[in-house]
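The values are calculated or read from the model by the stated rules, or taken from the named source; none is laboratory data. Quick caveat: nothing in here was measured; it's all calculated off a predicted structure. Here the Cβ positions follow ideal geometry from the backbone for every residue, glycine too, while neighbour counts run over all protein chains shown. We work out accessible area using only protein heavy atoms, side chains counted, and drop any ligands, DNA or RNA first. Shrake-Rupley method; radii C 1.70, N 1.55, O 1.52, S 1.80 Å.
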Amino acid sequence: MHPAVNIPKHLSFIITVLLLMLSTKWTLAQEDENDSTIFKALPLAYYTPETRIAFEAFAFYSYYSEGSRRKSNIRLFATYTQNRQYLLTIPWQIYTADDRYFLNGSLDYRKFPEYYYGIGNYTQEANRALYEFSAFTLSSKSYSKLENDTYMGISLQGQWLTPEFPENEVIFNDIAPENGEKGYSYLSLGPSFMWDKRDHILSPSDGGFLEFTPVFGMGKADENPIYFGLASLDIRDYWKIGEKSTWANQFVAQFSMGTVPYRAFPTLGGPFLHRGYYQGRFRDKHLMILQSEFRQHVKGRFGFVVFGSMGRVYPDIRTELFERIHLATGAGIRIRVSKNDRTNVRFDYSITPDSSGFYIYFAESF
């Protein structure tokens, strides 16, 4: 297992901010103020608790299809992190002419050492162990417009994962050959319904969003066949408060059944769901989380946010809904990367009762 590169935390922060400032300056110099289509390829850096400093080659293509009210985005990230993690990610959100079809998905390859905390809502921050895995993940939702802002489509998800667990670590005892101890592969398929009235995909400030996706998956873990179901409900609302302020809210519920691969379990933590907790800090069969964020544009390219979240994971649906809820709160700064697009780079710091997290990331968390 690769050792982490040891750079002091304060120096990590300074290096990351300087690289982002240089990247943003280079980006602005390449803009055509009269063109709503944006293409950029540039070096970038970000920071999360899972990666520490990440050095990244970043390409971003943004455009409007003919007659579309929403901007399409295709991005590419090639990343090497301070924790010696390798990532190649290609996400896309594409609206075709007149918003008739919406294609949303990503391809992701990573070789990634990470901490494992075990399964359940009562795992302890101090009880964790490091392991390594390599994985290729496909996530794709293809929608056809029904009427107004309503879409119906197909969700296709798949993952091929190979882990390397250290020997004699008790915390890994809840990972068996049946759910991924020696690796797994699966494909899942199901319908997906979406209602989308957001005014912007990556940095919304007005409108609403609802998505419900149940999928059925099948595959193999070692020599064992696996069958499982996953269902996800994502509801978001953005209230415009004056010309420059937005109150954003998100509720997410995820449910699973069958033999779910250990890394496909619903999880809390990371730069999107429950900032302040390590990604995968809590994982189990079911999940519920509520996030709320106040967003204020100040002047020019700058703004700030204040946010909070609450949630937990559940072993079964009979568990007390509000027992041992995990809380997080924080604030952040926003810097727009382009004069022609209000997509932000976000600098967020979040604290929880037993951990904290600093994030530098592209686009809003929801």
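The distance linking the stretch 240-264 with the stretch 182-197 is 15 Å (Cα centroid to Cα centroid, whole angstrom).
Packing order of peptides 178-189, 91-102, highest average first: 178-189, 91-102 (average count of other Cβ atoms within 10 Å over each peptide's residues). Residues of the stretch 215-235 falling in the label zone of Leu189, defined by backbone nitrogen less than 17 Å from a point 7 Å along Cα to beta-carbon, are 215-220, 226-230.
In a shell of Cβ-Cβ distance under 12 Å around Ser245, excluding Ser245 itself, what net charge do Lys and Arg (+1) and Asp and Glu (-1) give? Overall, the nearby charge balance is 0.
For the chain, the solvent-accessible area of protein heavy atoms averages 46 Å² per residue (probe radius 1.4 Å; ligands and nucleic acids excluded).
Relative to the Cα centre, the charge distribution of the stretch 202-246, modelled as +1 at Lys and Arg Cβ and -1 at Asp and Glu Cβ, gives a dipole magnitude of about 120 debye.
Measuring nothing but how far apart in sequence close Cα pairs (under 8 Å, 6+ apart) lie, relative to its length, the stretch 161-320 scores a relative contact order of 16 percent. Full extension of the segment from Phe322 to Glu223, taken as 0.36 nm per residue of separation minus the current Cα-Cα distance, would add 31.8 nm.
Note on the chain: GNM, Cα springs under 10 Å; of Asn83, Asn148, Asn73, the largest mean-square fluctuation is that of Asn148. A helix-only calculation puts the chain at -2000 deg cm²/dmol for mean residue ellipticity at 222 nm, using -39500 (n - 2.57) for each DSSP H run of at least four residues, averaged over all residues. Highest mobility in the GNM of the chain, judged by mean-square fluctuation with C-alpha springs under 10 Å and restricted to Val345, Val298, Val306, is found for Val298. Contact order, relative form, for the stretch 136-202: 38 percent (alpha carbon pairs under 8 Å, 6 or more residues apart, mean separation divided by residue count). Across the stretch 56-127 the C-alpha pair distances fall into 10 Å bins from zero in the proportions 17, 29, 24, 20, 9, 1 percent. Positive-end ranking of Ala59, Phe304, Pro261 along the dipole of the chain, with charges on Cβ about the Cα centre, is headed by Phe304. Springs join every pair of Cα atoms under 10 Å in this Gaussian network model of the chain, and among Gly120, Gly300, Gly219 the largest mean-square fluctuation is at Gly300. Here the dipole of the chain is about 920 debye; that uses its Cα centre as origin and unit charges on the Cβ of Lys and Arg (positive) and Asp and Glu (negative). Using alpha carbon centroids, what distance separates the stretch 35-114 and the stretch 338-366, in Å? Going from one Cα centre to the other spans 15 Å. Relative contact order of the chain, taken over Cα pairs closer than 8 Å and 6 or more residues apart, is 11 percent.
Binning all Cα-Cα separations of the stretch 203-256 at 10 Å, short to long from zero, yields these whole-percent fractions: 21, 30, 22, 15, 9, 2. Among the chymotrypsin sites (Phe, Trp or Tyr not before Pro) in the stretch 282-365, those placed in a DSSP loop whose Cβ has at most 16 other Cβ atoms within 10 Å are Phe322. When the charge dipole of the stretch 146-199 is built from unit charges on Cβ atoms (+1 for Lys and Arg, -1 for Asp and Glu) and taken about the Cα centre, the candidate among Pro163, Met152, Leu187 whose Cα reaches farthest toward its positive end is Met152.
Note on the chain: with neighbouring protein chains present and a 1.4 Å probe, carbon and sulfur make up 60 percent of its accessible heavy-atom surface. Every Cα-Cα pair of the stretch 114-163 was included, and the share exceeding 15 Å stands at 68 percent.
Summing Cβ point charges (Lys, Arg +1; Asp, Glu -1) relative to the Cα centre of the stretch 60-167 gives a dipole of roughly 280 debye. What the Cβ-Cβ distance of Tyr86 and Lys197 gives, at R0 = 41 Å and to the nearest 0.05, is a FRET efficiency of 0.60.
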